[in-house]
Amino acid sequence: MTTTTDELAISATGLRKAYGDKTVLDGIDLSVPAGTVFALLGPNGAGKTTAVKILSTLVTADAGALRVGGHDLAADPQAVRAAIGVTGQFSAVDGLITGEENMLLMADLHHLPRAEGRRTAAELLARFDLTEAAKKPAATYSGGMKRRLDLAMTLVGGPRIIFLDEPTTGLDPRSRHTTWGIIRALVADGVTVFLTTQYLEEADELADRIAVLNDGRIAAEGTAEELKRIVPGGHVRLRFTDPAAYRSAAAALREVTRDDESLSLSIPSDGSQRELRSILDWLDSTGVEADELTVHTPDLDDVFFALTGPAAGSSTGPTTVPNQPKENAR
């Protein structure tokens, strides 16, 4: 199903930005449907943070047709600001005041009436499990607590679109997983999340669609599973316990890689359902019976290195995988 412009929370066509003779974004196109998580990946200096700053009205683009929350970024930036929230790489928390005071400060900045501001602050502090620490100086918070407070402050104005620029950098695994849970809950409520991250596992866990940015251009875009299929190295592994059956299968099958020590055979495969069905049918027709069959596909690390490595710059254009319904809702 094609997503229309009206259904997009964020759209960018031909987005360009240069600083002097350094082109940071070289005509990129982005489409983010409402109520989804869109992850922008790329090496340091690829332009991820610049894209966030432009789409959140902090920096002006050199060129491009940009719409956020249904508003033209150039014509009505104030309406865009009213629709979004931004959590940057570095915490906006003021460590000299309490968590509650940080929240009330944000409520004042959003011009909320005093009673509404206090109610909103209390509700968000409870939602982010910060009620007990609310009266303590934010400087005493752990890294995970500060990040949760930062996210809570972002939500004071009730934004429907949130930009998260590397939100879990420096957090321990437990705090990272807690933040993931918060992001999933936001999306379940219909919030759109535009995420940049250095953690490929994070994009794999959270994102409905992922774009890989390299040298200012989109190198590839698709779901995590779709992106994994564009990188070679996927295979179906057959393991045997009977050496005779293993030798018989190795003789019957073509284009396989043998592992005589583990009695396993690897058949090249892109991991798709159609190709797996074809392999199973072929095994049935040849009478091969394996004790174990597993499908191995490249992970996002493989995708990242393939698309952003030294040889990646020779690509003539982006690889775009068609938008398809997700099989597993997050």
One residue is enough: does the range 215-234 have a residue meeting the conditions under 17 Å from the mean Cα position of the chain (by Cα), of a type in the set (S, T, N, Q), assigned by TED's automatic domain parsing to the domain that holds Leu307 and farther than 22 Å from Pro33 by Cβ?
no
Of all residues in the range 216-241 being surrounded by fewer than 18 Cβ atoms within 10 Å (Cβ to Cβ) and modelled with pLDDT of 90 or more, the one that is farthest from Leu25 (Cα to Cα)
Thr241
For the range 275-293, state whether one or more residues are of a type in the set (Lys, Arg), modelled with pLDDT of 85 or more and closer than 30 Å to Leu200 by Cβ.
yes
Please tell me if Leu149 is in contact with an Asp or Glu (Cβ under 9 Å, 6 or more places away or on another chain), outside any loop (DSSP other than H, G, I, E, B), buried (at least 20 other Cβ atoms within 10 Å of the Cβ) and at pLDDT 90 or above.
no
Can you find even one residue in the range 80-87 that is outside the structural domain of Glu201 (by TED's automatic domain parsing), assigned to a helix (DSSP H, G or I) and either aromatic (Phe, Trp, Tyr) or surrounded by fewer than 21 Cβ atoms within 10 Å (Cβ to Cβ) (or both)?
no
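Residues that are basic (Lys, Arg) and in contact (Cβ under 8 Å) with a residue 40 or more places away in the chain: find the strands (runs of 3 or more DSSP E) completely inside the range 1-66 holding 1 or more of those.
8-19
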With respect to Glu255, determine if the residue is within 14 Å of the chain's Cα centre (by Cα) and of a type in the set (Asp, Glu).
no
Expected output for the range 269-298 (first residue in contact (Cβ under 8 Å) with a residue 12 or more places away in the chain and among the acidic types (Asp, Glu), partner assigned to a loop (DSSP other than H, G, I, E, B) and surrounded by 13 or more Cβ atoms within 10 Å (Cβ to Cβ), Cβ below 6 Å, 6+ apart or cross-chain) is Asp270/Gly234; Asp291/Phe240
Cβ-Cβ under 9 Å, sequence separation 6+ or interchain: first residue in the range 88-99 and over 21 Å from Thr57 (Cα atoms) and part of a loop (DSSP other than H, G, I, E, B), partner at pLDDT 90 or above and of a type in the set (Asp, Glu). Which pairs?
Asp94/Glu101
When Ser175 is evaluated against the numbered criteria (1) assigned to a helix (DSSP H, G or I); (2) more than 29 Å from the chain's Cα centre (by Cα), which criterion, by number, is the only one it fails?
(2)
Sole miss for Met103 among (1) buried (at least 22 other Cβ atoms within 10 Å of the Cβ); (2) within 22 Å of the chain's Cα centre (by Cα); (3) outside any loop (DSSP other than H, G, I, E, B) is condition (2)
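The values are calculated or read from the model by the stated rules, or taken from the named source; none is laboratory data. All figures in this text were calculated on a predicted structure; none of them were measured in a lab. Positions of Cβ are backbone-derived with ideal geometry, glycine not excepted, and every protein chain shown enters the neighbour counts.
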